[in-house]
Structure formats: C-alpha cells, structure tokens
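Below is one structure, written out as structure tokens, with a few remarks after it.
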Amino acid sequence: MSEKIETISTSEIMALEDRFDSGLYAKRPLTLIRGRGARLWDADGREYIDCVSAQGVANVGHANPVVVQAIAEQAGRLAVCPGGFYNDQRALLLAELMRVVPPGLERAFLCNSGTEAVEAALKFARLSTGRTKLIAAMRGFHGRTFGALSATWRKEYRQPFEPLVPGFEFVPYNRLARVEQAVDDETAAVILEVVQGEGGVIPGDGQYLRDVAALCRQRGALLIVDEVQTGFGRTGRMFACQHHDLAPDLLCLAKGMAGGLPMGAVLIGARAGKLPSKAHGSTLGGNPLACAAARATLRFTEEERLPERAGERGAQLLAGLKAIDSPLVREVRGLGLMVGMEMKENASPYLAALAERGVLALSAGATVMRFLPPLVISAEEVDSVLAQVAAVLEA
Ligand SMILES: Cc1ncc(COP(=O)(O)O)c(C=O)c1O
C-alpha cells in the first residue's frame, strides 16, 4: 500500500537540507515523512518496512497512538518544569521506572540523550569514588560529547577532537584478563555495553560481564552499563542486563525511553552513593512532556509485552538470516531485535539495494548490516524482510 500526503517535494526537501544542514551526516537519498508501527513512508508515498527505528529509538512503533495522546495532553498542560520544582509527571515516571529496573538501582538523573546520560554517569563515578581512571572497551560506542567520546573506541570519531578527557584506557571486549590487569585502586569505573551496537552488534558474554561486575566490587570501582541502545525491551528483556543477572552501579538509558521524544537517564545504585546537590544538572532534563511520553511508552511496553515479542521476533529474524545461504555473509549474530549480518565486504551497497526493495536497515561499522526494527514488527513483516534480504544477496 502506498499513500501520498501533502508536503514539499522530495527534491525540495533534499535541496534545503543539503543547503542548510550542518553537513555532518552522510545522507541516504530518502526523505522519510510519515510512520506508523513498523512502517515508514517517503515524500513520494513509497512504503518501507523499518529496520532502523531511527537508530533504535522507535521501540513502540512510529506514531504510537498511546504515546501521541500522552504527548498531546501534556503539551496542552505543562511542557517544561525545571528540576528545582516538583512535578507530577516526573514523580510518577521515576516511581514507575524504579519498578522495572534491575535490582539495586535506587535513583535516577533525567536528561535528554544517550551521550548526556553517559557524560553524567562518568562524572558521577569520579565524584562518588574520588578516583579518576576510567576503563572502556575496544569497539565500544558511548556518544559524541567529550566525556562519552573519550570512552568511545573508533579513531575516526576521536582523533579530530583530541586531546580528549584524560584517564581513559581501552581493553578488549569479552576478555576478562585484560580488565583484571587494568582495574586498580585508581579506577573510578568500567563502562560497557551489554551488546556492542555501533561496534558491530557483538553480544557480551554473560560470565564475562558478571566477572567484571564482581571485579569492580572487589576493587572499589563502579560498573557503568550503557543500555542506551539495548534498553526498554530491544534485546528480549526490559533491560539487557537482565539476561545475565547483571547489577550495574550506574545504568545509562536513552533512545527508546520516551517513544521518540528526546530523553535519557542515569539510574544510580547504592554503591554510587547520594550525589551532592548542584554537582550536575540539565535545564530540560526530566521535563514533563518527555516524562509523560516516557510513562506512556513504558505502559505500552509492559501491556503489549514488547520485550517478550522482541525475543520472539528476534529469534525469527536471527534464524531466518542464518538460513540464508550466501557466500557473501561472514556471520549473523544478535540478541532479541538487535541483529547484525556481517558481510565479507562493505555493507552499504546491500543496504541501498534493500531500500530499493522497500526495507530500511542500517550499518554498524563498514561491513555489518544492522536490523533494529520497532518491537511491534509483526511475524509477516519479519518474513518480508527476510525475503528481501535473500533476494538482495542472490542478486
Ligand atoms: C550504546 C550507546 N551509547 C550512547 C549513544 C549515544 O546516544 P545519543 O546519540 O542519544 O547521544 C549511543 C547512540 O547510538 C549508543 O548506541
């Protein structure tokens, strides 16, 4: 089905963005102007199955009616209320969030994006331990602001902005011995993803993650888990930590948290202590509009069993991709609806060919095709995605 709606034309949209946007993004030649569930439409009315979810944001689906209604109601009531005042939506969100987070997390700092959540967690770790060293993983991605960038592995992202924040050391992911060597009595925290997303969709080993947590406890360092991409059902559990009984001291969240509105959070455990007043803050963090959207998103996620559905659809997608017998494919891996197909060559031409066939997916590094559909994607839609991937690889 295709539907045309009134807007400026495709060429006008592209011309304006090409002329006035920062130029920081390598654009794909697509103008997305409308979405519903796991479907997107471009300005010419062409329909796509979305396996991008705006880089893993649209967990509850595009234009989710429950979230739309909550945003509309709150926008007409009170959109902004700084942290120095109390607010009903913020209070309720905090209480509702605490009900579903991994054990041991007691408080939350609310912000507006993933990089802000990581930035705050790194500051909190230094503040509460009085130590400065920070350990991050090779291939990890944590954001683009100076602190988060200092924890991010890829040289292309880091090098133009050096010198970065001092005190960071990188260790290979999934290798305990190297973390054991790195963590000492100067270490404030180790920061890790449960599944490395941007780094190529690399699931963390459960024993490794638990051993790192134990090591941090022994040596007086904190464990920061970055679930900006894996949080809110994406991997088949509400939080990916829960696959491995992992209890982080600081948990970073963002992306899917508020159904598409900008929002992030750091959840703070007992070992991170109580933070001193005025040590950190954000004008828009925890604004009632985002809080109302996050409450509706969380409610929908629980009522519609999205984590469970992500587990089921993810298993279908993973098995289906693995069953495609192509000499072009090196490996298929993932957890829940976070799935990567590593090619033996650059993935971009395959992503372009998939888009031609009405399926949008994204890359993770040069060679990995990454599939992050909304968690509401149907079994039939997953079958269509699989058929198109098979057709592209055959062609
Ligand atoms: C694991 C992880 N951490 C942090 C970030 C940064 O989030 P944001 O783009 O919202 O700043 C991302 C973004 O992709 C991410 O995947």
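The values are calculated or read from the model by the stated rules, or taken from the named source; none is laboratory data. Just so it is clear, the model here is predicted, and its values are computed rather than measured. When we count neighbours, we look across all protein chains shown, and the Cβ atoms used for this are built from the backbone with ideal geometry, even at glycine. Protein only, heavy atoms only, side chains kept; ligands, DNA and RNA dropped before computing areas. Shrake-Rupley method; radii C 1.70, N 1.55, O 1.52, S 1.80 Å.
Please report the base-10 log of the normalised intensity I(q)/I(0) for the stretch 225-315, using a Debye sum with one equal scatterer per alpha carbon and no solvent, at each q in 0.17 (1/Å).
After summing over all Cα pairs, the log10 values are -0.80.
Hull surface divided by four, with the convex hull built on the Cα atoms of the stretch 351-395: how many nm²?
Seen from a random direction, the Cα hull of the stretch 351-395 projects 3.2 nm² on average.
If a/c stays under 1.5 just call it rounded; otherwise compare a/b with b/c (prolate if a/b is bigger, oblate if not). Do that for the stretch 163-212, with a ≥ b ≥ c from the square roots of the Cα gyration tensor eigenvalues.
Note, shape of the stretch 163-212 comes out oblate.
Before I look further, what does the stretch 293-395 give for accessible area per residue, probe 1.4 Å, in whole square angstrom?
Working: 4040 Å² over 103 residues.
Heavy-atom SASA per residue in the stretch 293-395 reads 39 Å².
Which distance in nm do the two modelled labels at S9 and Q55 give, with both placed 7 Å along the Cα-to-Cβ direction?
3.1 nm
How would you classify the stretch 151-242 from its alpha-carbon gyration tensor, with a ≥ b ≥ c the square roots of the eigenvalues: rounded for a/c under 1.5, else prolate if a/b is greater than b/c, otherwise oblate?
Oblate is the answer for the stretch 151-242, as a/c is 1.5 or above yet b/c matches or exceeds a/b.
Between S326 and D245, how high is the FRET efficiency from 1/(1 + (r/R0)^6) when r is the Cβ-Cβ distance and R₀ = 51 Å? Nearest 0.05.
The formula returns an efficiency of 0.90 here.
Can you give the convex hull volume of the alpha carbon atoms of the stretch 43-200 per residue, in Å³?
So the per-residue Cα hull volume is 192 Å³.
Show me the three semi-axes of the equivalent ellipsoid for the stretch 184-231, from the C-alpha gyration tensor (sqrt of 5 times each eigenvalue), largest first, rounded to whole Å.
Three semi-axes, in Å: 21, 11, 8.
In Å², what does the accessible area per residue of the stretch 1-71 work out to with a 1.4 Å probe?
Numbers: 4280 Å² over 71 residues.
Averaged over the residues of the stretch 1-71, the accessible area is 60 Å².
Please report the carbon-and-sulfur percent of the accessible area for the chain; probe 1.4 Å, protein heavy atoms only, DNA, RNA and ligands left out.
Taking all protein chains in place, the chain shows 53 percent carbon and sulfur surface.
Can you give the calculated 222 nm mean residue ellipticity of the chain, where each DSSP H run of n ≥ 4 adds -39,500 (n - 2.57) and the sum is split over every residue, rounded to the nearest 500 deg cm²/dmol?
-11000 deg cm²/dmol
Using only the Cα atoms, what convex hull volume per residue in Å³ does the stretch 318-395 have?
Roughly 81 Å³ of hull volume per residue.
Could you give me the radius of gyration and the Dmax of the stretch 1-106, taking only the C-alpha atoms into account and expressing both in angstrom?
18.6, 52
Any chance you could list the semi-axes, whole Å, largest first, of the equivalent ellipsoid that the Cα gyration tensor gives for the stretch 177-286, using √(5λ)?
23, 20, 11
Multiply the residue gap between K27 and R299 by 0.36 nm, knock off their C-alpha separation, and tell me the result in nm, one decimal place.
Values: separation 272, 0.36 × 272 = 97.92 nm, distance 3.41 nm.
So the chain would gain 94.5 nm between K27 and R299.
Between A353 and E186, what is 0.36 nm times their sequence separation minus the Cα-Cα distance? Round to one decimal in nm.
Full-extension gain reported as 55.1 nm.
Could you size up the charge dipole of the stretch 246-345 around its Cα centre, putting +1 on the beta carbon of Lys and Arg and -1 on that of Asp and Glu, and report it in debye to the nearest 20?
So the magnitude is around 380 debye.
Treating only the Cβ atoms of Lys and Arg (+1) and Asp and Glu (-1) as charged, compute the dipole magnitude of the chain about its Cα centre; round to the nearest 20 debye.
Using Cβ point charges on Lys, Arg, Asp and Glu, the chain gives about 940 debye.
Project the alpha carbons of the stretch 249-395 onto their principal axes and report the range along each, largest first, in whole Å.
Computed over the Cα atoms, the extents are 60, 31, 27 Å.
Please name which of V225, G204, T235 has its Cα lying farthest along the dipole of the stretch 169-252 towards the positive end, using unit charges on Cβ (Lys, Arg +1; Asp, Glu -1) and the Cα centre as origin.
T235
Can you pull out the GluC sites (Glu not before Pro) in the stretch 159-196 whose DSSP state is coil and whose Cβ has at most 16 other Cβ atoms within 10 Å? Kindly include the intermediate steps, with their values, before the conclusion.
Values: sites: E169, E180, E186, E193; in loops: E186.
Loop-located and lightly packed - E186.
Order of 236-246, 16-26 by packing, highest average Cβ count within 10 Å first?
236-246, 16-26
If R₀ is 51 angstrom, what is the calculated FRET efficiency for the pair A72 and R154, using the beta carbon separation as r and rounding to 0.05?
For R0 = 51 Å, the calculated efficiency reads 0.85.
When the convex hull of the Cα atoms of the chain is projected onto a plane and the area is averaged over all directions, what value comes out in nm²?
Across all orientations, the chain yields a mean hull projection of 19.4 nm².
To the nearest 0.05, how large is the calculated FRET efficiency for V100 and A177 if R₀ is 45 Å and r is the Cβ-Cβ distance?
Step by step, r from the Cβ atoms, then E = 0.85.
About its Cα centre, how strong a charge dipole does the stretch 45-197 have in debye, to the nearest 20, once Lys and Arg get +1 and Asp and Glu get -1 at the Cβ?
200 debye
I need two numbers for the stretch 98-188: Rg to one decimal and Dmax as a whole number, Cα atoms only, in Å.
Cα only, the stretch 98-188: 14.0, 42 Å (Rg, Dmax).
Using 0.36 nm per residue, how much length does the chain from K278 to D383 gain when fully extended, once their Cα-Cα distance is taken away?
32.7 nm
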